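Just so you know, all these numbers are worked out from the coordinates, no wet-lab data involved. Just so it is clear, the model here is predicted, and its values are computed rather than measured. Note that each Cβ is placed from the backbone with ideal geometry, even for glycine, and that neighbours are counted across all protein chains shown.
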Ligand SMILES: [Zn+2]
Ligand SMILES: [Zn+2]
Ligand SMILES: [Zn+2]
C-alpha cells in the first residue's frame, strides 16, 4: 500500500508547499498535514523534494490516499467514457461527489478551477484535469461549461 510510487503521487497531489513547513515538518519529525509529532519509525516518508524529508502520520496518509484514489477513479472514468465528452454523465457526477467528500474528510482546502481560479462550489459541473507541471504531475479541476468569467 505505501509503495514509493504511491507516496510520490500522494505528495504531488496533496502535500503542502515546503515553504510552509515548520522545522520539524522539514526534518520529518512532525506530520506535514496535522503537525502531530511523530515517534521514531511512526511517520510514513513522502519522498522529496530534497533537502526536505516530509513525513506524515498513518491516519492522515490514509485519508489523503482515499482522496487521491477517488480523484484517479473519476479521472480514468472521464478518459474511457463515451458520454462524458458531451457533458458529464451520471456516473461521473457520482465519482465527482465521492471525490469531493473524500477531500473534505481529509481536511483538504476547497478545490478551485484552473481556468477561472474560482473555488468549485458544491454541485458545480467540473472535471478532473491531470497535467505535467515543472515539478511533476498536477492534479487539478476545470469547469465543464464556460467559466463564470
Ligand atoms: Zn497527520
Ligand atoms: Zn461518463
Ligand atoms: Zn472555471
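Points to keep in mind about this one:
- Using the rule -39500 (n - 2.57) for each DSSP H run of four or more residues, divided by the residues of the chain, the 222 nm mean residue ellipticity is -12000 deg cm²/dmol.
- Our note on the geometry: Cα centres of the range 44-94 and the range 101-140, 10 Å apart.
- Relative to the dominant Cα principal axis of the chain, helix 4-14 is inclined by about 70°.
- Taking other Cβ atoms within 10 Å as a rough exposure proxy, 6, 20, 70, 29 sort from fewest to most as 20, 6, 29, 70.
- Here the label points at residue 86 and residue 144, each 7 Å from Cα along the C-beta direction, are separated by 1.3 nm in the simple model.
- 5 Å binning of all Cα-Cα separations within the range 28-149, expressed as whole percents from 0 upward: 2, 10, 17, 19, 18, 13, 9, 6, 3, 1, 0
- At R0 = 22 Å, FRET efficiency that the Cβ-Cβ distance of residue 94 and residue 119 yields, to 0.05: 0.55
- Ellipsoid semi-axes in whole angstrom, largest first, where each is sqrt(5λ) of the Cα gyration tensor of the range 4-60: 15, 13, 10
- Counting every C-alpha pair in the range 72-143, the share spaced more than 19 angstrom apart comes to 33%.
- Crossing angle, helix 90-105 versus the chain [Cα axis fit, 0-90 degrees, rounded to tens]: 30
- Between helix 58-80 and the chain there is an angle of about 30 degrees, using the helix long axis and the longest principal axis of the Cα atoms.
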